[in-house]
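> This is the structure I want to talk about, given as structure tokens.
The values are calculated or read from the model by the stated rules, or taken from the named source; none is laboratory data. Remember, it's a predicted structure, so these values are computed and weren't measured experimentally. Neighbour counts are summed over all protein chains in view; Cβ atoms, including those assigned to glycine, are modelled from backbone coordinates with ideal geometry. Protein only, heavy atoms only, side chains kept; ligands, DNA and RNA dropped before computing areas. Shrake-Rupley method; radii C 1.70, N 1.55, O 1.52, S 1.80 Å.
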Amino acid sequence: MIYLELLLTFFKIGLFTVGGGYAMLPIMQDEIVKRQWLRADEFIDIIAIAEMTPGAIAVNTATFVGFRMAGVLGSVTATAAIALPSLFIIIMLAAFWERHREHSWMKGLFSGIRPAVAGLIAAAAFFIGRTALLMPPPDAASSGLDIRSAAIALAAFCAVRFFRVNPIRTIAVSAVVGLVVFSF
Amino acid sequence: MDFALLWQLFIAFFRIGLFTFGGGYAMLPFFEKEVVERFGWASRDEMIDIYALAQSVPGVIALNTAIFLGNRKAGPIGAIAAACGMIAPSLIVIITIAVFFLQIQSNLIVLRIFSGIRAAVVGLVAAAAVKIGLSSLRDGFGVMLALAAMGLSLFTDLHAAWVILGGGGLGFGFYVLLPLLRAQGEVNE
């Protein structure tokens, strides 16, 4: 049953996302793209839409995928499911966490999780790059690395990394640039 | 049950969810405005601690923060009210957009626009990887873990959840158990 599947999948995503934001991409990719709920290129579109709309990216993505799979009720199911692990964990452990978060064993655990998450996000950038840069634009004749896409990706990376341009603005500009360069 | 407080929790986090884009750190100033300045549910220093806490528990950071504050003010029901407030704007906005997007998805102009956007997302995710890498890789062991995680994700079908659990286990072993064993060894000598 699709609702149960959505519930379990997004519960799992909520449970294994530590650090929020882009840290949820690798796990979402494993769950959503490999399950063929979305194609790889649709997954990237949704990241962009989630980034450009109000609210947390992971919540927005859950809402979109849920809607896509099973309408409004699917949307509510997926979004509630991504919040459930947080609700359980925080309500049960709030007091404990405030007392123990400075403990060395907790720090040790997270000193290992954070580098692993960094590696996973780097891998996600590769996967997304493979889809976005190798996939021919709408009316291109050939496949292979698309120079225009590669240039936009590099420019976006530099804008965010070195010039601290806001991601929403970066996406908005790339939309205009895309419309222009892919029309010729 | 204090319905007025529950409504306040819902509305405060609804506003935060509605007016912040992108999640993560972008939301912190809005939390300060609503939670610290408007309602006084936490002090500014406490807010930063709570935010740090929200990042080290599983889940979406903004949601975790809302749930923690809701729970603190009004118990589990408060946590649920806060979470619903945080989620509601996404539901409303994204469903509206999804209806449109599914209709215009195959339009040629839309396809061109999204070809540009997709390429930019590659850059955004790569920048996020670099940023998180720079802040989390403090020693050779961390670099090895990150490379191993990347390799496993790129070249095997291993689920990301196992990579994260494995990283936690190895971190615990390397940063907690190993120093303990070493100290034990020195005592025995």
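> For a quick check of understanding: with a 1.4 angstrom probe and all protein chains in place, what accessible area in square angstrom does B:SER153 have, to the nearest ten?
Number for this one is 20 Å².
> To continue, here is another question. Per 5 Å bin, what percent of the C-alpha pairs of the range A:138-184 does each bin hold, from zero upward?
Per 5 Å bin, starting at zero, the Cα-Cα P(r) for the range A:138-184 comes out as 5, 20, 28, 22, 14, 8, 4, 0 percent.
> While we're looking at this one, here's another question. Given a 1.4 Å probe and the protein chains all in place, what does the accessible area of B:GLU186 round to, in Å² to the nearest 10?
B:GLU186 exposes around 130 Å² with every protein chain in place.
> Ranked by accessible surface with a 1.4 Å probe, highest first, in what order do A:ARG68, A:ARG164, A:ARG130 come?
A:ARG164, A:ARG130, A:ARG68
> Can you tell me the equivalent ellipsoid semi-axes for the range B:27-178? Use √(5λ) from the Cα gyration tensor, largest first, whole Å.
Working through the eigenvalues yields semi-axes of 31, 30, 15 Å.
> Which whole-Hz couplings ³J(HN,Hα) result when phi for each residue of the range A:105-114 is put into the Karplus expression 6.51 cos²θ - 1.76 cosθ + 1.60, θ = phi - 60°, listed in order with x for Gly and Pro?
Taking θ as phi minus 60°, the curve returns 6, 5, 4, x, 4, 6, 5, x, 5, 4 Hz for the range A:105-114.
> Roughly how many whole Å is it from the C-alpha centroid of the range A:26-62 to that of the range B:86-144?
Cα centres, the range A:26-62 to the range B:86-144: 7 Å.
> Further question on the same structure: Over the alpha-carbon set of the range B:1-107, divide Rg by the Kirkwood Rh and report the Rg/Rh ratio to two decimals.
1.04
> Within 10 Å of each Cβ in A:62-69, how many Cβ atoms from other chains are there, averaged over the peptide?
Mean partner-chain Cβ count within 10 Å for A:62-69: 5.
> To the nearest 10 Å², what's B:MET144's accessible area with a 1.4 Å probe?
120 Å²
> Could you list, bin by bin from short to long, the percent of Cα-Cα pairs of the protein assembly as shown in 10 Å steps?
Going from the shortest bin to the longest, the percentages are 5, 24, 32, 25, 10, 3, 1, 0.
> Moving to a separate point now. In Å³ and rounded to a whole number, note down the convex hull volume per residue for the Cα atoms of the range A:2-135.
111 Å³
> Per residue, how much accessible area does chain B have with a 1.4 Å probe, in Å²?
I get 48 Å² per residue for chain B.
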